């Protein structure tokens with residue numbers, strides 16, 4: 001019997017592989033080469049998590065509720081709109097804080113840029129969940145059977161994509177944030193706890209706050225329509241996008257297809273802009289912000305979510 005990785009890899013071939021390569025901006029040969037590594041990492045992460053009973057229960061419940069395998073029957077349509085899918089949410093649960101490190105290590109292993117690797121991970125995650133959900137439903141898998149299946153898949157992944165599973169053993173470097181002269185009783189605020197945009201230090205802070213606002217008050221943003229791409233340069237820069245409509249509300253790292261607007265800025269100017277320290281018209285006139293597409297679309301988004 002073919003493994004899940006082999007089955008999905010076979011699906012992502014021919015015309016479908018061509019569609020994948022166009023979506024992530026890679027030549028077909030490079031996309032074909034890295035897909036097994038991407039599938040192996042996600043499968044290995046799910047296997048590691050499911051070794052704990054609580055996590056196995058959460059996974060089984062998620063499969064039964066949201067992943068019946070139907071995604072595999074409409075593969076081409078899904079690939080064309082994968083950024084609107086559940087990939088980022090799945091990866092957040094499967095990889096947690098290790099996602100950035102996994103992307104970096106996969107990038108070094110495959111020679112591809114981090115953004116392409118990130119997009120492939122986002123695309124592949126729902127496919128693996130769909131395959132697992134299909135197997136769980138078809139074979140009426142209980143928790144032990146699901147855990148055993150994933151354990152076997154992880155073992156096969158080591159042979160299909162040598163070295164990919166080992167990436168999961170690496171941990172992010174922990175950098176000290178407390179200076180020697182800081183009083184012992186004073187706590188240093190963690191990036192993930194920042195809720196006030198005036199205290200944002202790096203672009204990721206801004207998008208974390210935006211995501212938190214969407215999740216905590218989804219009704220507040222009902223009826224809005226945004227598809228905005230952000231390209232922020234600098235040592236803490238990167239690409240993020242915000243997509244909001246009645247069906248989805250997503251703030252994520254990566255790129256989105258057919259954005260209404262694209263914002264291009266340096267990170268220090270971006271932080272000043274969202275904090276109200278940089279006047280938008282002045283920023284446009286002085287070239288500190290470049291907007292491709294609908295300027296009013298960006299202004300409305302900033303007023304609604306990023307201020």
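Read-outs: derived from the displayed coordinates by stated rules, not from any lab. Quick caveat: nothing in here was measured; it's all calculated off a predicted structure. As a convention, Cβ positions derive from the backbone with ideal geometry for all residues, glycine included, and neighbour counts pool all protein chains shown.
General observations
- On Cα atoms only, tilt of 14-24 relative to the major axis of the chain in degrees: 20
- DSSP-defined beta bridges in segment 197-305 - what % are antiparallel, rounded to 5: 75
- For segment 191-305, the equivalent ellipsoid derived from the alpha-carbon gyration tensor has semi-axes of 20, 17, 13 Å in decreasing order.
- Cα long-axis angle, helix 295-305 against the chain (0 to 90 degrees, to the nearest 10): 80
- C-alpha long axis of helix 143-160 to longest principal axis of the chain, angle in °: 80
- Antiparallel beta bridges, as assigned by DSSP with both residues in the chain, represent about 75 percent of the total such bridges.
- Sorting the segments 51-60, 17-26 by their mean number of nearby beta carbons within 10 angstrom, highest to lowest, gives 17-26, 51-60.
- Helical mean residue ellipticity (222 nm; -39500 (n - 2.57) per DSSP H run of 4+; nearest 500) of the chain: -17000 deg cm²/dmol
- Shape of the chain, Cα gyration tensor, a/c cut at 1.5: prolate
- Prolate/oblate/rounded call for segment 1-134, Cα gyration tensor, a/c under 1.5 rounded: oblate
- Cα gyration tensor shape of segment 38-117, rounded if a/c is under 1.5, else prolate or oblate by comparing a/b with b/c: oblate
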